[in-house]
Amino acid sequence: MIEDQKLKNLLLKDNLIDEEVLKIALKESQKKQISLFYYLLDKNLVDTEVLFSQAAAFFKIPLINLKNESIRKDVLFLIPEPIAQTHEIVAFNQNEKGISIATTDPTDLQTIEFLRKKYDKNLIIHLTTPQSIRNALKQYHQSLEAEFEDISKSEIDLKEKGKDLEELAKDLPLIRIVDTLLEYAIFEEASDIHIEPTEKHVIVRYRIDGLLKDVMTLPKTVQSGVVARIKVLSNLKLDEHRLPQDGRFKISSPQYKVAFRVSVLPVFNGEKIVLRLLNESTKILSLEDLGFQKVALEILKTNIKKPHGIILVTGPTGSGKTTTLYTIMNILNKPEVNITTVEDPIEYRMPKINQSQINPKIDYTFATGLRAILRQDPNIIMVGEIRDKETAEIAINAAMTGHLVLSTVHTNDVATTPQRLFNMGVQPFLVASTTILILAQRLIRKVCKNCMISYNLDKEIIDELNRHFNLKVLQQFLISEGLISSQKDTFESILFYKGKGCKQCGQRGYKGRIGIYEVLEISPVIAELIASHASSEEIQKQAVADKMLTLTQDGFMKCIKGITTIEEVLRVTQE
């Protein structure tokens, strides 16, 4: 909102607060690392209407009270309810001049710009109070309740007339409900939408930055209509309720192009739907954007230039392995090489790369796909996942005959990856002679830059960290990296960072994700250990002796740089 010093001058100029009270308030707000405006508002030191009048005059926009405004339904629903609620922004009028918008925060430029691009119309911004927004939000519930009643009636009418679910799926309120779910998920940068039927309700949850969050509870009466609508979009069978179904559809606008991968699963209370969002307009990131530290980045760049061998990316489901592989392929994608992939599923279309989708129903597996690829004169091969002996042996054979093979394996760290291949039945000497690099990764949430504050760890958190990590060894590592100055910098005195929650990050304190990595180059010593069937502990010990940056070390470096939090590093490294 308004900068502290400017607000202080405005309030004193109009004698709206005692100078001594204001001095104390300014000191306290700085100590708590929140703006003076929101501190005064929270402590009720200045009347809300007066405070917002000052803000309206400062921003040169009109102040409006929506308490007695009856907003037309078509105007109100220009902004979906979840966006209106999270970002405290409401559309209340529309005419030839544009759309009139009321917000509690005119500096929330991301949301305002999103709406401006979406409707391609002039937005007339008004300032309003949080109470005024709450009054307007009640109108959503009144309108939705009336619409849910209409949907329920239209379903009964259709059944009485002997018509099918396809007619219900074309019902306008239902279309709008589903469109709202999809659009809000795109705006919130969700990776998945879960639509879950319970006994009395339908719960909608989004996975945002790796964690699920409840966003909406719909009445049971809309369940069959919502399912039917999504099935129509995905070209699935409407009358099939007993078997799982998979489909996909796309949504395009001038701002975004998103593919939705749909999975329908019969559950006790109906059908659960999960939609995976794949944003096709997102540019492929660089390795630097993914979050590699300098030394690990150099090792990776050196090894992907090698003409043959296997590069394995490992980590649990949802740790960003596919994104890393796509980023590497994008770097290697030159006119003089042939890159061919076998994937399940193809998540992003990459120009000039031959991508093949496996289909186990017709016995087109990773192994059969890989065999076929070898007859296609490839230079570089990407196999979605090595999960059995047959695929592993063909991949190893390809690496031995002059191909660079990129793939993923499900293990938790680099040291256990050779053991996973041994367990599949692959000979240790083959793993040792063909593998050139193993990379393990996790995705961690980034601290929201808009509401980031610094703090010191208390004794309780340090004791918790001591149970999971060797803090003395970590301290020596951080000194060697130049991130803390000396032995005097203890974990009690080091500054860490977190987000206190704001509208930009949906009050979560985090916005976006980045990787933490450990990159193991297969040196002659490591190759010898693998060939002699060494344990994962022995491989890890040697890797650390060779100065490999571990997941924990990478995580702590990112904590001290203000990229992530201690809690995130604990969450992803101890899971």
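General remarks:
- Fraction of antiparallel bridges per DSSP, the chain only, in percent to nearest 5: 65 percent
- Anisotropy class of the chain from Cα gyration tensor, a/c 1.5 cut: oblate
- Length released on extending from Asp4 to Leu471, taking residue separation times 0.36 nm less the Cα-Cα span: 164.2 nm
- Model label sites at Ser493 and Ile175, defined 7 Å from Cα along the beta-carbon direction, differ in position by 6.6 nm.
- Centroid-to-centroid separation of the stretch 206-229 and the stretch 37-110 [C-alpha atoms, Å]: 27 Å
- For the cross-link pairs Lys459/Lys500; Lys121/Lys257; Lys250/Lys449; Lys334/Lys446; Lys389/Lys541, the ones whose C-alpha atoms lie over 29 Å apart are Lys250/Lys449; Lys334/Lys446.
- Rounded accessible area per residue of the chain, 1.4 Å, Å²: 48 Å²
- Modelled FRET efficiency - R0 30 Å, Lys283 with Asp363, Cβ distances, 0.05 increments: 0.25
- Taking GluC sites (Glu not before Pro) across the stretch 39-104, the ones in a DSSP loop with at most 11 further Cβ atoms lying within 10 angstrom of their Cβ are Glu96.
- Scanning the chain for long hydrophobic helices, with DSSP H runs required to stretch 20 angstrom or more by C-alpha along their axis and to average at least 0.5 on the Kyte-Doolittle scale, returns 172-187.
- The shape of the stretch 507-549 comes out prolate: with a ≥ b ≥ c from the C-alpha gyration tensor, a/c is at least 1.5 and a/b beats b/c.
- Peptide packing: for 455-462, 383-390, the average count of neighbouring Cβ atoms within 10 Å per residue gives the ranking 383-390, 455-462, highest mean first.
- Viscosity 0.890 mPa s, 25 °C: Kirkwood-radius Stokes-Einstein D of the stretch 417-575 over Cα pairs, µm²/s: 140 µm²/s
- Prolate/oblate/rounded label for the stretch 435-518 (Cα gyration tensor, a/c 1.5): oblate
- Model label points for Gln507 and Glu199, set 7 angstrom from Cα along the Cα-to-Cβ axis, are 2.9 nm apart.
- Set Lys43/Lys118; Lys511/Lys561; Lys8/Lys31; Lys67/Lys97; Lys73/Lys220 screened for pairs whose C-alpha atoms are more than 27 Å apart: Lys43/Lys118
- Shown for the chain: cysteine residues without a partner Cβ closer than 4.7 Å, namely Cys559.
- For the stretch 231-283, applying the loop criterion from DSSP together with a ceiling of 12 other beta carbons within 10 Å to the trypsin sites (Lys or Arg not before Pro) yields Lys237, Arg242, Lys283.
- Here each label is just a point 7 Å from Cα along the line to Cβ, and for Leu374 and Val295 those points are 3.8 nm apart.
- Estimated at 0.36 nm per residue, the fully extended path between Lys547 and Lys449 surpasses their Cα-Cα distance by 32.1 nm.
- Accessible surface, 1.4 Å probe, highest first, among residues Glu492, Glu393, Glu271: Glu492, Glu393, Glu271
- For the stretch 195-348, with all protein chains in place and a probe radius of 1.4 Å, 55% of the accessible heavy-atom surface sits on carbon or sulfur.
- Mean residue ellipticity, 222 nm, helices only, the chain: the sum of -39500 (n - 2.57) across DSSP H runs of n ≥ 4, divided by residue count and rounded to 500, is -12500 deg cm²/dmol.
- Relative contact order of the chain, pairs being alpha-carbon contacts under 8 Å that are 6 or more residues apart, as %: 9 percent
- Theoretical FRET efficiency, 1/(1+(r/R0)^6), r = Cβ-Cβ of Thr401 and Lys60, R0 60 Å, to 0.05: 0.25
- Within the accessible area of the stretch 439-575 (1.4 Å probe), percent carbon and sulfur: 51 percent
The values are calculated or read from the model by the stated rules, or taken from the named source; none is laboratory data. Computed from a prediction, not measured in an experiment: that's the story for all the values here. Here Cβ is always computed from backbone atoms with ideal geometry, including for glycine, and neighbour counts include all displayed protein chains. To get the accessible areas, we keep the full protein, side chains included, count just its heavy atoms, and leave off ligands, DNA and RNA. Shrake-Rupley method; radii C 1.70, N 1.55, O 1.52, S 1.80 Å.
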